[in-house]
Amino acid sequence: MSGSYQPTPPPRSPWSSPVVIGAIVAGAVVLAVAVLLGFLLIPSDKDDTASASSSVTQPTSTITMSPSTGVPTSTLTPTQTTTTTTPNLPNPDVPGADGQGFLSGPRCNAAGDPAVMIGQTNRSKVVVCQVGNQTGRYYYKGLADGGAIEIQYPTRSGNLFTAVNVDTTYLVDSSSLTITRGGSVLAAEPMIYYWTN
């Protein structure tokens, strides 16, 4: 036998080819860009705007293996997320109350309804709420001796609120809660705490 024997080199791994390495690097770059864009598009918690819902489209990256070549492929797919901000609520100086009334009740009905008046006597707690951002559209809520009442469309004159329920009238201002029926005073309760915006 003449000539020299040269062994056959082992087969190269498909993962070491320049095409595969390039695809992996490209996929990593796309993923890094998607993550960076995701952070840039996240809304700030310091947004002081009024009540609003907004939609933000944030890209997501998906890396899959191509079934035909075994090469990683990368796709950038937008996904939509919805964020809701809470309305700017007042900060009343009445103990046990926040911008929607008393923590233990009565309270405004909806998250977007701010209190415009909060009052407390020895016997009663009352709150007047504005319907969303509809200036001048209110409802009255009261709680006394375990009984609750809600009256639609009370009127406001300065710091005086008047709510009428059939033949019973509730007058609330900084000095008292006065309840009358048919012209007779049923109760005149001095205010202990009173706040209005």
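The values are calculated or read from the model by the stated rules, or taken from the named source; none is laboratory data. Not measured: the values here are computed from a predicted model. Please note: Cβ atoms are built from the backbone with ideal geometry, for glycine as well, and neighbour counts cover all protein chains shown. We work out accessible area using only protein heavy atoms, side chains counted, and drop any ligands, DNA or RNA first. Shrake-Rupley method; radii C 1.70, N 1.55, O 1.52, S 1.80 Å.
Structure notes:
- By the equivalent-ellipsoid construction on the alpha carbon gyration tensor, the stretch 123-187 comes out with semi-axes of 19, 13, 12 Å, ordered largest to smallest.
- Distance between modelled label sites at residue 111 and residue 176, nm, 7 Å Cα→Cβ extension: 4.1
- Accessible area of the stretch 78-197 belonging to carbon and sulfur atoms, whole % at 1.4 Å probe: 50
- Computed label-point distance, nm, for sites residue 164 and residue 91 using a 7 Å Cα→Cβ extension: 3.9
- Taken along the Cα-to-beta-carbon direction at a fixed 7 Å, the label points for residue 155 and residue 19 span 8.4 nm.
- Ranked by how many other beta carbons lie within 10 Å on average, peptides 162-170, 121-129, 100-108 from highest: 121-129, 100-108, 162-170
- ³J(HN,Hα), Karplus 6.51/-1.76/1.60, whole Hz, each residue of the stretch 135-146, x for Gly, Pro: 4, x, 9, 10, 9, 10, 10, x, 9, 8, 6, x
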